[in-house]
């Protein structure tokens, strides 16, 4: 009996349907990323294009406009070479998921000024074998889109997306919900603090606001605090150590 072919990203299509506000990607455009990004994502672009789920909370994105921001952010960094990075997903508040052949999934949280990595090809989920690259990139999309939160108000602990979208309306592929006063400058990140602005422009401003910190996840089995572990600062992006602001 022939094995059923795997369909990475099918679970999310089954749950949320096709992407909306889709932008077609030609095979020629997509094939430029073959070998730089797992085949599952390249094939998804060709078949479905790029667009959004959850009313614009999560977007399969075009890597190209984001690359200048990544080059600026990682300039001189001993590990994070922007030339090997490919952004593939972003949320309505500017968080970007990036593929890297060594680190696998890099999460750039521009609002909190942090960078984290997740390699599910080596971290085994209980009862499951490690994922290959195709399943790793699909799991990153699944984990994000199945999460209903997005940005969370630091004072209430509540997600702000629904309230922000009701007040401001939807965004398109070139836009993001921007925060003023910004969280990194003392703002609370409350729903009332957001407006609509350009996605790439917002990333550019925030990468110049101050240094970013590379954080690593500490599992509870490895002395991580609490039931789910914690994140701890490793070093400042662009340096080999933590640098004081």
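The values are calculated or read from the model by the stated rules, or taken from the named source; none is laboratory data. These numbers come from a predicted model, not from an experiment. Virtual Cβ from ideal backbone geometry, glycine too; neighbours counted across all protein chains shown.
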Subject >> Any hit, the range 3-14, residues being over 29 Å from residue 169 (Cα atoms), outside any strand (DSSP E or B) and in contact (Cβ under 8 Å) with a residue 12 or more places away in the chain >> reply: yes
Original post:
Among the residues of the range 55-65 satisfying the criterion of being surrounded by fewer than 22 Cβ atoms within 10 Å (Cβ to Cβ) and more than 15 Å from residue 137 (Cβ to Cβ), which is farthest from the chain's Cα centre (by Cα)?
Top reply: 55
Original post:
If you take the residues in the range 138-155 that are farther than 15 Å from residue 54 by Cβ and in contact with a strand residue (DSSP E or B) (Cβ under 6 Å, 6 or more places away or on another chain), which one is surrounded by the most Cβ atoms within 10 Å (Cβ to Cβ)?
Top reply: 140
Original post:
Within the range 181-209, can you find the residues that are without any contact (Cβ under 8 Å) to a residue 60 or more places away in the chain, closer than 19 Å to residue 57 by Cα and part of a loop (DSSP other than H, G, I, E, B)?
Top reply: 190
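The rows are residues; the columns are (1) at negative phi; (2) surrounded by fewer than 18 Cβ atoms within 10 Å (Cβ to Cβ); (3) in contact (Cβ under 8 Å) with a residue 24 or more places away in the chain; (4) in a helix (DSSP H, G or I).
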residue: 97; (1), (2), (3), (4): yes, no, yes, no
residue: 157; (1), (2), (3), (4): no, yes, no, no
residue: 165; (1), (2), (3), (4): yes, no, yes, yes
residue: 173; (1), (2), (3), (4): yes, no, yes, no
Original post:
Which residues, counting only those in the range 67-93, are in a loop (DSSP other than H, G, I, E, B) and modelled with pLDDT of 95 or more?
Top reply: 85, 92, 93
Subject >> Extreme residue, nearest to residue 83 (Cα to Cα), among residues of the range 34-54 that are touching a strand residue (DSSP E or B) at 6+ places or on another chain (Cβ under 6 Å) and crowded, with 19+ Cβ neighbours inside 10 Å >> reply: 37
Subject >> the range 20-60, subset part of a loop (DSSP other than H, G, I, E, B) and out of contact with any helix residue (DSSP H, G or I) (no Cβ under 6 Å at 6 or more places or on another chain), residue farthest from residue 172 (Cα to Cα) >> reply: 35
